[in-house]
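What follows is a set of notes on a single structure, which appears directly below.
The values are calculated or read from the model by the stated rules, or taken from the named source; none is laboratory data. Just so we're clear, the structure is a prediction, and the values are computed from it rather than from any experiment. We place every Cβ from the backbone using ideal geometry, glycine too, and count neighbours over all the protein chains shown.
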Amino acid sequence: MKNRRFVLVPAAGLLLALVLQGGAALACWGQTLLDREQRANERQPPAKVMDAIGLRPGMVVGEVGAGRGRYTIHLAARVGATGRVYANDIDESELGALRERCRRDKIANIETIVGRVDDPRFPKASLDLVFMVLTYHHLAEPVALLKNLIPSLKPGATVVVVDPDPAKDLGRPASEYTSREKIEREAAAAGFEIARVETFLPKDGLFILKLKNPAGK
């Protein structure tokens, strides 16, 4: 019995050490994600971007490519309890992390939606604004996706695209940015036009799109 106790005690100690190490590793990983978010938010300061696009309390927003919610939580804070954010992504695991974040931080005005590459599946006639940050250049079918946004838009709604600008972010591979010409061409093919361009971001373009012919007029 003594020998058995002698074997079990170190094993229990080893298990505890492994648990502690695992917890430390998870904490380190979580901090790395937060640090990465902070660096990205320095590139696209949420408050300045939301001011520029006219985001206000009470608005309903659809975010395409929300991922783990780096920007989603800022959109939700700005629209407040009377507003809502529909957070779309094609990656269920990323949205699962966002839902966990909402539970942890008690955020109640975000709803996640698993979409398709060509359709974000937002609710019909519900959105004041659609938002994409560092997402547009990843779209496999941008024209189809833009077309499939139209049924979800309220009259006068805008679509906001924030994406790397090749003229500012020099050296970035062509697959990781979107030029104004490309956005303008694809937006037109989907029935949109560029209503305004903001140039204050140091490495990104900010494009505000509107329907060219709303309500068939």
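Report, by residue number, each residue of the stretch 190-203 that is assigned to a loop (DSSP other than H, G, I, E, B) and of a type in the set (Phe, Trp, Tyr).
200
Can you say whether residue 183 is at pLDDT 95 or above and surrounded by fewer than 21 Cβ atoms within 10 Å (Cβ to Cβ), as far as the supplied structure shows? Give the steps one after another, and end with the answer.
Values: at pLDDT 95 or above: yes; surrounded by fewer than 21 Cβ atoms within 10 Å (Cβ to Cβ): no.
No; evaluated as a whole, the condition is false for this residue.
Within the stretch 136-145, is even one residue aromatic (Phe, Trp, Tyr), assigned to a helix (DSSP H, G or I) and modelled with pLDDT of 95 or more? Spell out how you get there, then give the answer.
Initial filter on the stretch 136-145 (aromatic (Phe, Trp, Tyr)): 136.
After this cut, where a residue has to be assigned to a helix (DSSP H, G or I) as well, the list is 136.
Going one step further and asking which of them are modelled with pLDDT of 95 or more, we end up with 136.
Within the stretch 136-145, one or more residues are aromatic (Phe, Trp, Tyr), assigned to a helix (DSSP H, G or I) and modelled with pLDDT of 95 or more.
Considering each of 104, 5 in turn, give the residue that is modelled with pLDDT under 75, basic (Lys, Arg) and loosely packed, with under 12 Cβ neighbours inside 10 Å.
Values: 104 fails: modelled with pLDDT under 75.
When all the criteria are applied, what remains is 5.
Return yes when residue 187 is part of a helix (DSSP H, G or I) and not polar (S, T, N, Q) and no when it is not. Break it down into steps so the answer makes sense when it comes.
Values: part of a helix (DSSP H, G or I): yes; not polar (S, T, N, Q): yes.
For residue 187, the condition - part of a helix (DSSP H, G or I) and not polar (S, T, N, Q) - is met.
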